[in-house]
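Student: Input: one structure, supplied below.
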Amino acid sequence: MNCQQAGLLIDSYADGELDAAGILELEKHLRECPACAHALQNLKGLKKAVTQDPLFFAAPAELRLKLKAGLHSQIASNPMQSLWNWNWLTAAASAVAVVCFALWLAAVLTRSSAQQQLTREIVSSHVRSLMANHELDVASSDQHTVKPWFDGKLDFSPPVTDLAKQEFPLIGGRLDYLGNRPVAALVFHRNKHVINLFIWPATQSDQKPVTSGSIQGYNLVHWSETGMTFWAVSDVNETELMEFSRDFVSATAKAPAGR
Amino acid sequence: MVDERKRLKSFEQTVLPHLDAAYNLARWLAGNDHDAQDVTQEASLRAFRFFGNFRGENSRAWLLAIVRNTFYTWLRKNRPPEIAGELDDEALVVEDASVGAEILSSKFADADAVRHAIETLPVEFREIVVLREMEGFSYKEIADLADVPIGTVMSRLARARRLLQKKLAGEFKRGGQP
């Protein structure tokens, strides 16, 4: 090995990157060549010189603070992070929505089941009145007979009107019991069919006649007016029952319910 | 779902311990504190963005590679003349390494003289010196980090050292420096 070749290996040697064979050859040359040995000493001195402490720059505290702020703001502005937040917000909102929906559904179901129970009671009452031959407590087509009959028997005064002109003649009335309270029942006929009209004070605002479907072949229509709730039930078809309901509404509107 | 805060904590634990090394490299490359802080800040934020790609081999080398890339991007934008031409590795012919030991040993102890000598090296030499001597990276690690062949790392390092020795010996006749 000559000095030129040694010069090419000396840095790797000083850096500990020379392979074993290279080390053997170079060390042999270094023992024989004072100039190259001297160069190695210089190199070692230089390596030591550039690694002395004063040459290292430590990150200023100011930079660390800035970086910390920068990293946190990057988290805040990161779209994934917003998505993450958004997801959490959505989840929370969904949970609230689910609870609200459940409460609403429970309320609706409770109400509808209450209404279902009421319609069943109405139909049962209607059927009972037909079966037990207990259609009437007061048999009269005269509204001025029927209406006073309820006085003293109920805590309210139901509107009574004869609809003979509309081919729904008033047959009479009776007391009945629905939804844990006494109610007025007016009986009308349509041909051979019986229409029971149940009346009691309303707990809700006025409502136009609406059909409540049919139970066991009986149709139901109900409405609210002038502080009363009306339920009409009959085996007449839905159209005729609606017709009856509207006739009753317009007749009582013309002839106010008051005495 | 990625927990960003966990990611930041992990980043702070694995990468931020090397902030001194990052700043040191940036400081040697940029030449002043203000620019070095800008480069380090930008590089660290970039590192955090790319942290998901880091596979946990050598976080210091990984961070310093980003610092280096950030610096060159910054350099092209802010100081175009400094990298106007590609460094010609053959332009700096290094001769005899046997400079007078007596002169050198006194200079070696002079931190300011050594600092000045390093500062006046071409930037491509400077970074190799910092990475090899101050950070202790192997030739292979430097080659990966700086994306150059190992041979280039070796030749630049050797030439950087000869230049430093010459500068410290007060010999500025050759070496391509003004």
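Student: Fully extended, how many nm does the chain gain between residue A:238 and residue A:35 (0.36 nm per residue separation, minus their Cα-Cα distance)? Walk me through the numbers before you get to the answer.
Tutor: On the way: separation 203, 0.36 × 203 = 73.08 nm, distance 12.16 nm.
Gain on extension, residue A:238 to residue A:35, equals 60.9 nm.
Student: Testing the spin-label approximation: label points 7 Å from Cα along Cα→Cβ at residue A:73 and residue A:120. State their distance in nm.
Tutor: Distance between label points: 6.8 nm.
Student: Tell me, what is a quarter of the convex hull surface for the C-alpha atoms of region A:117-254, in nm² with one decimal?
Tutor: Numbers: hull surface 29.9 nm².
If you wrap the Cα atoms of region A:117-254 in a convex hull and average its projections, you get 7.5 nm².
Student: Something else about it: Calculate the tail of P(r) for the protein assembly as shown: the fraction of all Cα-Cα distances greater than 31 Å, expressed in %.
Tutor: Result: 62 percent of Cα pairs exceed 31 Å.
Student: Per residue Cα convex hull volume for chain A, in cubic angstrom? Provide the component values of the computation, followed by the final result.
Tutor: On the way: hull volume 79.4 nm³, N = 259.
Output value, Cα hull per residue: 307 Å³.
Student: With θ set to phi - 60° and the Karplus curve 6.51 cos²θ - 1.76 cosθ + 1.60, what are the ³J(HN,Hα) couplings of region A:99-108 in order, to the nearest whole Hz, using x for Gly and Pro?
Tutor: Residue by residue, region A:99-108 yields 4, 4, 4, 4, 4, 4, 4, 4, 4, 5 Hz.
Student: For residue B:54, what residues show an amide H to amide H distance below 5 Å, using hydrogens built from the backbone and excluding near sequence neighbours?
Tutor: Sorted by chain and number, the residues that satisfy this come to none at all.
Student: Using only atoms on other chains, find how many Cβ atoms lie within 10 Å of each Cβ of peptide A:53-62 and report the average. Write down the numbers at each step before the final one.
Tutor: Numbers: counts 1, 4, 10, 8, 12, 6, 14, 6, 0, 2.
Taking all residues of A:53-62 together, the mean is 6.
Student: Go through A:7, A:33, A:23 and say which Cα lies farthest out towards the positive end of the charge dipole of region A:3-46; charges sit on Cβ, +1 for Lys and Arg, -1 for Asp and Glu.
Tutor: Value computed over the given set: A:33.
Student: Out of the DSSP beta bridges found with both residues in the protein assembly as shown, what percent are antiparallel (nearest 5)?
Tutor: Numbers: 37 of 38 bridges.
Taking every DSSP beta bridge within the protein assembly as shown, about 95 percent pair in antiparallel fashion.
Student: Modelled label-to-label distance, residue A:250 and residue A:104, 7 Å Cα→beta-carbon offset: nm?
Tutor: 3.8 nm
Student: Between A:208, A:44, A:147, where does the largest GNM mean-square fluctuation fall for chain A, given springs only between Cα atoms within less than 10 Å?
Tutor: Result for chain A, Cα springs under 10 Å: A:44 fluctuates most.
Student: Turning to a different aspect of this structure: What is the pair-distance distribution P(r) of region A:3-46, computed from all Cα-Cα distances in 5 Å bins starting at 0, with each bin given as a whole percent?
Tutor: For region A:3-46, the binned pair fractions read 6, 25, 39, 23, 6, 0 percent.
Student: Could you work out the mean count of beta carbons from other protein chains within 10 Å of each residue's beta carbon in A:63-70?
Tutor: Values: counts 11, 6, 0, 5, 13, 4, 1, 5.
The mean count of partner-chain Cβ atoms within 10 Å per residue comes to 6.
Student: Please state the relative contact order of region A:117-254 as a whole percent: Cα pairs under 8 Å, 6+ residues apart? Display every interim value, and only then the final one.
Tutor: Working: 278 pairs, mean separation 27.1, N = 138.
Value for region A:117-254: 20 percent.
Student: List, in order, the whole-Hz ³J(HN,Hα) value for each residue of region A:193-203 obtained from phi through the Karplus relation with A = 6.51, B = -1.76, C = 1.60 and θ = phi - 60°; use x for Gly and Pro.
Tutor: Each residue's phi maps through the Karplus curve to give 8, 9, 10, 9, 10, 8, 9, 7, x, 7, 9 Hz.
Student: May I ask for the angle, rounded to the nearest 10°, between helix A:238-254 and the longest principal axis of chain A, with both axes built from Cα atoms and the value confined to 0 to 90°?
Tutor: 70 degrees
Student: Next question. Calculate the all-directions average of the projected area of region B:4-83's alpha-carbon convex hull, and give it in nm².
Tutor: Over every viewing direction, the Cα hull of region B:4-83 projects on average to 5.2 nm².
Student: Then there is this: How much FRET efficiency would the formula 1/(1 + (r/R0)^6) give for residue B:9 and residue A:3, where r is the Cβ-Cβ distance and R0 is 56 Å, rounded to 0.05?
Tutor: Numbers: r = 56 Å, r/R0 = 0.99.
The computed FRET efficiency comes out at 0.50.
Student: Here is a further query. How large is the helix-only mean residue ellipticity at 222 nm for chain A, computed as the sum of -39500 (n - 2.57) over DSSP H runs with n ≥ 4, divided by its residue count, in deg cm²/dmol to the nearest 500?
Tutor: Values: 7 runs with 136 residues, N = 259.
Here the helix-only value at 222 nm equals -18000 deg cm²/dmol.
Values quoted throughout were computed directly from the atomic coordinates according to the rules given, and no laboratory measurement underlies them. Just so you know, these numbers come straight off a predicted model, no measurement behind them. As a convention, Cβ positions derive from the backbone with ideal geometry for all residues, glycine included, and neighbour counts pool all protein chains shown.
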